[in-house]
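Peer 1: Dumping the structure here so I can ask a few things about it.
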Amino acid sequence: RTDANLYYAAGADGGVWKTTDGGNSWQPLTDDRETTAIGALALDPVNEQVVYAGSGEANFANHSRYGLGLYKSVDGGATWSTLAGPTFAGRCFSRIVIDPLNTSVLYAAITHAGGFPALAAAKGHPLADGPVGVYKSMDGGVSWSLLSGGLPALDATDLAIDPANPANVYVAIGHIFGSASNGIYKSSDAGLTWSRLSAGLPQSNIGRIGIAISASDPQRLYANFAGAADATGGDSGFMGSYRSNNGGASWTHLAFNVNVSTYGWYFGCIGVNPVNADTVFMGGINAVLSTSGGGGSVALNGAHPDFHAVAWDAAGRLVCGNDGGVYRLSGTNSLIARNAGLGVTQFYAGLSTHPSNPDIVLGGLQDNGTVRRNTASLTWPMVLGGDGGWTQIDPANPLRMFGESQGTGALSRSTDGGASWLGIGSGLSGRNCFLPPYLVDPTTPGRMIYGTERVWQSLNYGDTWTPLSADVTGGGAAAIRSLAMAPSNPQVVYAATNDGRVLVSTNGGGLFNLIRTGNAGWPRVTRELTVDATDPATLYLSGAAFGAPHVLRTVDMGGNWQSLDAGLPDVPVNVVAADVRSRPVTLYAGTDAGLFTTSSGSGLWREVAGVPHTAVIDLILEPARSRVILGTQGRGAWLVEAPPYCSADFDNDGDTGTDADIAAFFACLGGRCCEGCGNGDFNNDGDAGTDADIEAFFRVLAGGAC
C-alpha cells in the first residue's frame, strides 16, 4: 500500500512469493510450510509486515488441492507460523479480510476442496468434509469460530468488509453444485446475524459468486454470478454482473459480460479500484475493465487466460493474476507479464527425457501447453497449446516427440525435435481422464498404445489407430489414467483406471486381468505404476490419498501385495520410482509434501532436503545420469542428484558380499580389475584405492550407502 514495487503473490499450488522490484524478480517464501496450495492472501492494513496466507486453492478444479491451515508472518514473509491447522485442514480459503479498526479481528471464507467427482482434490483428507462458510478470529488468526446466525454452512466463495464501518460484512455463499441457500448475505453486527440480499439479484440455479466493495465509497458493491454446475463440471455459465449503490439493499444488472464458458465454478474474480468506485475489474477466461461503474467495459489484452486475482499497487496500477502468472496493466487495455523468476508452474504427469542430451526435457503443464526445455537458455518454451499432458520421446529416434492436450484424440507428433507438430489422434474415440496416457514401445518400431476406457494400438507412430482391448474400467464415465510397459518385456502392460482398478496384460495390451480394485488416486493422468527395470512381474503402485496404502509392491503381477509404507507419513503418494541397481532397491516417492526416499527393505523413509513441500506429480529416474527429475504441481521441475551406484558384487557373479567379492575388490585395488568391476574408486571421489574407498566398500557390504 505504500511501496509501489512491493507485491506478494500466491500460486494456486506454488506457495507465497515476494517481489521488491515490481515483478522483475521474485523470491519464494513458503517452500518449507506444510503445503504450497494457497487460496487467499491478506496484508494487515496497519502493519504491512503482517501477512496472512490461507492454504488450499478455492477454485474447485481437480487440481485445486486441499489446505492445511493458515500461515502468518510478522516480518514481511521472512518467517512464518502455521495456525489453526485442525480448524481448516482439508478445506480451502477463498478470501481473508481484516477489520481496519481492530486488526486482531479477521474473517475467512472457507470452501471444500474441489473436483469432479466432488472433493476429488481433497484426496481423502480426513477433515475434507469439515465445516465451511465464514469463520471469525478475534486474536490475529490463532483461534476461530464458525459464524451462523442465519448464514448457511455452505461454501463461502467470497467476502468483503466495509472499511468505514467494519461491522458491515458481506459474504457470497456459492456452493458450485447449486443450493436454494446460495446468494449474498450481509451482517451489520460484525457477523452475529446475517440476512440474505435479494432485491435485483438472481434467486435460483446459482453457483459460484464473487463480490467486491469500494474502499472510496463503501455503499458501492459489485458482484458476479455463475450458474450451478452439473456433476461433471458443465452447465456453469455466466449469469450476470450486478451493482449496488446502497450497501446491498438493491442491485442493478450490468451489461458487463465475462466469458466463463461452461465452467463458471472456476472463476469469481472481481475488484474495485480503491480510489475510484467506478473502476471495476472482472475476470473469467477473459478480463474486462469498466471505468463507468460497469456500464461499459474494455477487454484487457496480452495476458494468459483464466483470471483469479486482482489488486491495485501503491502507484494505482492494476495488477492481476491468472493461469499464466502475474500481469500489470499498461496503458488502457494492455497487460504486461511480471513473471521473471516466478516459479509456480504446474506440471502434469508424463515428463520425458532425451536419451543422449540430458538438457532436453519434454513435459505438459496445467493450462500452459506442452513445453520443451531449451538446451541453450535452459528455458521452457511452449511447443503445443492447451492443457499439456503426457509426453513421449522415441528412444530410437529422439527427434520424434509426442505431446497432447485435453480430450480424447488430441495427440500430436513432431519429427524435428519439437519445432513443428502434426495431429495424429484421428480414429481415437471413447472416454478420457482429461489427459489420456499413452506409450511408445521401445522395442517395436512404430508401435504405440493409448488409453481411453480401453487400450488402442498404432503400428505407425500414431498415423492410424485400432482398438486393442475391451473396456477395462467398471463402466460409467471411468477411463484409464495410467499405463506402464515393463522395460524388460513391453508385452507386459499395466493399467490403472480412475475408478480404482489395476490390471495387467501379458500380450501387449490386448487382454487384461484385474489384479486390484479400490486403488486411491487422482482423476487426471498419473504415473502411479512403476515396473521394475529388470523384472516384468514386479510392480510398484502408488496411492494418492490419505488413509490409503501409499506404496505397494507385487512381485507376481498382482497375485500378492506388500505394503512399503513403514516410516512414510500419511500423505498422498502420486508416483514412485525404483533404482534397481542396488539390492535392496532404492525407492523414491513423490508425495503431496515433497520427495521421500528409502531402501525398500529398511522401513526408514526420509525426506529429500531442498525440495519444496509441494505436490510431486511425476518422477523420471535416470540412473546413468545419477539424477531424478521431478515434475511438481506448482513449483515447476526440479533436478535431484541420485546417489552414485556402488555394488558390493565386485566380481560380477550375481552374489553380493561374499569372500570372492572382497578378494576381487582388493585385487582391483592392486591393479587387477575384473572386467566391468570398476577401478577401486568405491566412494566416487576421483581417487582409487584409498582408505576411504575401503571404508565405503565395507559400508556397502554392511547394508549402508556408498
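Peer 1: Testing Tyr450 on (1) within 18 Å of Met401 (Cα to Cα); (2) free of Cβ contacts under 8 Å to residues at least 40 places away in the same chain; (3) open to solvent by 10 Å² or more (accessible area, probe 1.4 Å); (4) assigned to a strand (DSSP E or B), one condition comes back false. Which one is that?
Peer 2: (3)
Peer 1: Please specify each residue of region 242-267 satisfying the condition of being among the small types (Gly, Ala, Ser), at pLDDT 95 or above and open to solvent by 10 Å² or more (accessible area, probe 1.4 Å).
Peer 2: Ala249, Ser250, Ser261
Peer 1: Open to solvent by less than 40 Å² (accessible area, probe 1.4 Å), in a strand (DSSP E or B) and either touching a strand residue (DSSP E or B) at 6+ places or on another chain (Cβ under 9 Å) or modelled with pLDDT of 95 or more (or both): is that true of Gly350 in this structure?
Peer 2: no
Peer 1: Looking only at region 436-446, count how many residues are part of a loop (DSSP other than H, G, I, E, B), touching a residue at least 40 places away in the same chain (Cβ under 8 Å) and either more than 13 Å from Ile480 (Cα to Cα) or in contact with an Asp or Glu (Cβ under 6 Å, 6 or more places away or on another chain) (or both).
Peer 2: Matching residues across region 436-446 total 5.
Peer 1: So if I check each of Arg527, Arg481, which one is among the charged types (D, E, K, R), open to solvent by 10 Å² or more (accessible area, probe 1.4 Å) and modelled with pLDDT of 95 or more?
Peer 2: Arg527
Peer 1: Having 2 or more residues that are over 20 Å from Val440 (Cβ atoms) is the bar; report the strands (runs of 3 or more DSSP E) wholly within region 483-556 that clear it.
Peer 2: Strands (runs of 3 or more DSSP E) meeting the threshold: 502-505, 512-516, 539-542, 551-554.
Peer 1: Applying the selection to region 1-28, what residues are acidic (Asp, Glu) and either under 16 Å from Cys320 (Cβ atoms) or surrounded by fewer than 24 Cβ atoms within 10 Å (Cβ to Cβ) (or both)?
Peer 2: Of everything in region 1-28, those that are acidic (Asp, Glu) and either under 16 Å from Cys320 (Cβ atoms) or surrounded by fewer than 24 Cβ atoms within 10 Å (Cβ to Cβ) (or both) turn out to be Asp3, Asp21.
Peer 1: Oh, and also: Suppose we filter Ala229, Ala199 for residues that are assigned to a loop (DSSP other than H, G, I, E, B) and under 18 Å from Val258 (Cα atoms); which single one remains?
Peer 2: Going through Ala229, Ala199 in turn, just one is assigned to a loop (DSSP other than H, G, I, E, B) and under 18 Å from Val258 (Cα atoms): Ala229.
Peer 1: Turning to a different aspect of this structure: Restricting to region 79-126, name every residue that is in contact with a Leu (Cβ under 8 Å, 6 or more places away or on another chain), assigned to a loop (DSSP other than H, G, I, E, B), surrounded by fewer than 24 Cβ atoms within 10 Å (Cβ to Cβ) and among the hydrophobic types (A, V, I, L, M, F, W, C).
Peer 2: Trp80, Ala84, Ala89
Peer 1: Look through Ser179, Ser204, Ser216 and report the one residue that is assigned to a loop (DSSP other than H, G, I, E, B), under 30 Å from Met138 (Cβ atoms), within 34 Å of the chain's Cα centre (by Cα) and not basic (Lys, Arg).
Peer 2: Sole residue among the options that is assigned to a loop (DSSP other than H, G, I, E, B), under 30 Å from Met138 (Cβ atoms), within 34 Å of the chain's Cα centre (by Cα) and not basic (Lys, Arg): Ser179.
Peer 1: For Ala419, work out the one condition from (1) over 26 Å from Ala624 (Cα atoms); (2) aliphatic (A, V, I, L, M); (3) in contact with a strand residue (DSSP E or B) (Cβ under 6 Å, 6 or more places away or on another chain) it doesn't fulfil.
Peer 2: Checking Ala419 against (1) over 26 Å from Ala624 (Cα atoms); (2) aliphatic (A, V, I, L, M); (3) in contact with a strand residue (DSSP E or B) (Cβ under 6 Å, 6 or more places away or on another chain), the one that fails is (3).
Peer 1: Could you please give the count of residues in region 414-430 that are surrounded by fewer than 20 Cβ atoms within 10 Å (Cβ to Cβ) and at negative phi?
Peer 2: So the answer is 9.
Peer 1: Could you give me the residue pairs with C-beta distances under 6 Å whose first residue belongs to region 281-297 and is within 18 Å of Arg220 (Cα to Cα) and in contact (Cβ under 8 Å) with a residue 12 or more places away in the chain, whose second residue is among the polar types (S, T, N, Q) and in a loop (DSSP other than H, G, I, E, B) wherever it lies, and which are 6+ apart or on separate chains?
Peer 2: Ser290/Ser297; Thr291/Thr279
Peer 1: Determine whether Gly321 is within 20 Å of Ala160 (Cα to Cα), buried (at least 16 other Cβ atoms within 10 Å of the Cβ) and either touching a Lys or Arg at 6+ places or on another chain (Cβ under 7 Å) or β-branched (Val, Ile, Thr) (or both).
Peer 2: In short, no.
The values are calculated or read from the model by the stated rules, or taken from the named source; none is laboratory data. Because the structure is predicted, anything quoted here is derived from the model rather than measured. Don't worry about glycine lacking a Cβ; one is built from the backbone with ideal geometry, like all the others, and counts go over all protein chains shown. Ligands, DNA and RNA are excluded from the accessible area calculation, which covers all protein heavy atoms including side chains. Shrake-Rupley method; radii C 1.70, N 1.55, O 1.52, S 1.80 Å.
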